[in-house]
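> Just passing along the structure, written as structure tokens.
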Amino acid sequence: MELTDTQLTQFDRDGFLILPELFSAAEIEAIRAELPALFAEKTAANIPEKEGGVVRTAMGLHQRNALFDRLVRHPRLVGPARQIAGPELYIQQVKVNVKAAFDGDMWQWHYDFATHHHDDGVPRPLALNLHIFLDDVSHYNGPLYFIPGSHKRGPAPARHDTSSTSYPLWVVDREPVAELVEAGGIVPAIGKAGTALIFGDTLVHGSPANMSPWNRSIFSLILNPVENAQRTFARPEYKHHTDFSPVEALSDDCLLKMP
Ligand SMILES: O=C(O)CCC(=O)C(=O)O
């Protein structure tokens, strides 16, 4: 799959793309079928919410599960990522952010590069975050909020927040967020299950808690150019993978035709 020139222009201008129902209902069903067993595993890579114990994010999934090992090499993810970020990309991070009904906590305003740079020594903001909605995502169940154009105005100062949620994150404070929103507004990333998102490393985004009765799980793959690999190694493998070999795309039916 290839992005059109119009999509590439839009990505450059806004900092993100929303690709409605890029994955089929059958593909989403196959992915979702793997989740209960993965969430039940006792591993440090399953990080619970601060309150209640439900899984907030399940990480390192391509090293834990054969279907996720194929998903990270899916041509509908790898193809567009290569068009934007270049031909040699390694798998930096693989997770499902769960945001369970009633219990799923927020993700504070942030841009991913602040964490990649401060925690992992990634030199430049070239990584891409590729999401697939595993549930329908609406205004109610904790969608991501993007600030269009914020990638062109920054990077904003970032602060390490280790207390707001169970996941330490470099976040952007209220004043710079208010200024960025004044300039660019907010776009909620909503759509049916199977919808994909692509966003860049300096796009400011966040998401509110899920107080609805509807689950909202999202798959996330971060790909980073090999020449821009991490320089420091303080975080565990499941937060930043250290195999820097370039990802190779599989065939388009790789999720439904497992060997
Ligand atoms: O899952 C969410 O709501 C937030 C995800 C996010 O901020 C990210 O993947 O960088």
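> Could you list all residues from region 146-156 that are outside any helix (DSSP H, G or I), surrounded by fewer than 21 Cβ atoms within 10 Å (Cβ to Cβ) and modelled with pLDDT of 95 or more?
Correct list: Pro148, Gly149.
> A further question on this structure: Among the residues of region 218-242, write down those that are within 13 Å of the ligand (Cβ to nearest atom) and either among the basic types (Lys, Arg) or open to solvent by 10 Å² or more (accessible area, probe 1.4 Å) (or both).
Lys239
> Go through region 153-175 residue by residue and tally those that are of a type in the set (Val, Ile, Thr) and free of Cβ contacts under 8 Å to residues at least 12 places away in the same chain. First the steps, then the outcome.
First pass over region 153-175, keeping only residues of a type in the set (Val, Ile, Thr): 162, 165, 171-172.
Add one more test, that the residue is free of Cβ contacts under 8 Å to residues at least 12 places away in the same chain, and what stays is 162.
Adding up the residues that qualify gives 1.
> Please enumerate the residues belonging to region 69-84 that are away from the ligand (no atom under 16 Å from the Cβ) and closer than 15 Å to Ala249 by Cα. Please lay out each step first, then the result.
Just the residues of region 69-84 that are away from the ligand (no atom under 16 Å from the Cβ), to begin with: 69-70, 73-76, 78-80, 82-84.
Correct list: Asp69, Arg70, Arg73, His74, Pro75, Arg76, Val78, Gly79, Pro80, Arg82, Gln83.
> Could you list, in sequence order, the residues of region 103-118 that are near the ligand (Cβ under 9 Å from one of its atoms), in contact (Cβ under 8 Å) with a residue 60 or more places away in the chain and either part of a strand (DSSP E or B) or open to solvent by less than 20 Å² (accessible area, probe 1.4 Å) (or both)?
Answer for region 103-118, where residues must be near the ligand (Cβ under 9 Å from one of its atoms), in contact (Cβ under 8 Å) with a residue 60 or more places away in the chain and either part of a strand (DSSP E or B) or open to solvent by less than 20 Å² (accessible area, probe 1.4 Å) (or both): Gly104, Trp107, Gln108, His110, Tyr111, Asp112.
> Let me ask you something else. Out of Ala81, Ala127, Ala58, I need the residue that is among the hydrophobic types (A, V, I, L, M, F, W, C), touching a His at 6+ places or on another chain (Cβ under 9 Å) and open to solvent by less than 30 Å² (accessible area, probe 1.4 Å). Which one?
Result of the check over Ala81, Ala127, Ala58: Ala127.
> Restricting attention to region 193-219, report how many residues are part of a loop (DSSP other than H, G, I, E, B) and under 20 Å from Glu21 (Cα atoms).
Initially, region 193-219 is screened for residues part of a loop (DSSP other than H, G, I, E, B), giving 193-195, 201-204, 208-217.
Next, only the ones that are under 20 Å from Glu21 (Cα atoms) stay: 193-195, 214-217.
Of the residues in that region, 7 qualify.
> Considering only residues that are among the basic types (Lys, Arg) and touching a residue at least 24 places away in the same chain (Cβ under 8 Å), look in region 1-44 and name the one that is surrounded by the fewest Cβ atoms within 10 Å (Cβ to Cβ).
Of all residues in region 1-44, those among the basic types (Lys, Arg) come to 13, 32, 42.
Applying the additional criterion that residues be touching a residue at least 24 places away in the same chain (Cβ under 8 Å) yields 13, 32.
Working: Arg13: 12, Arg32: 16.
Among those that are among the basic types (Lys, Arg) and touching a residue at least 24 places away in the same chain (Cβ under 8 Å), it is Arg13.
> Also, I was wondering about something else. Just give me the residues in region 91-102 being outside any loop (DSSP other than H, G, I, E, B) and in contact with a strand residue (DSSP E or B) (Cβ under 6 Å, 6 or more places away or on another chain), in sequence order. Walk me through how you get there before you give the answer.
To start, the set of residues in region 91-102 that are outside any loop (DSSP other than H, G, I, E, B) comprises 91-97.
Gln92, Gln93, Val94, Lys95, Val96, Asn97 - these are the residues of region 91-102 that are outside any loop (DSSP other than H, G, I, E, B) and in contact with a strand residue (DSSP E or B) (Cβ under 6 Å, 6 or more places away or on another chain).
The values are calculated or read from the model by the stated rules, or taken from the named source; none is laboratory data. Just so we're clear, the structure is a prediction, and the values are computed from it rather than from any experiment. FYI the Cβ positions are ideal-geometry reconstructions off the backbone, even for glycines, and counts take in every protein chain you see. Heavy atoms of the whole protein, side chains included, go into the accessibility calculation; ligands, DNA and RNA do not. Shrake-Rupley method; radii C 1.70, N 1.55, O 1.52, S 1.80 Å.
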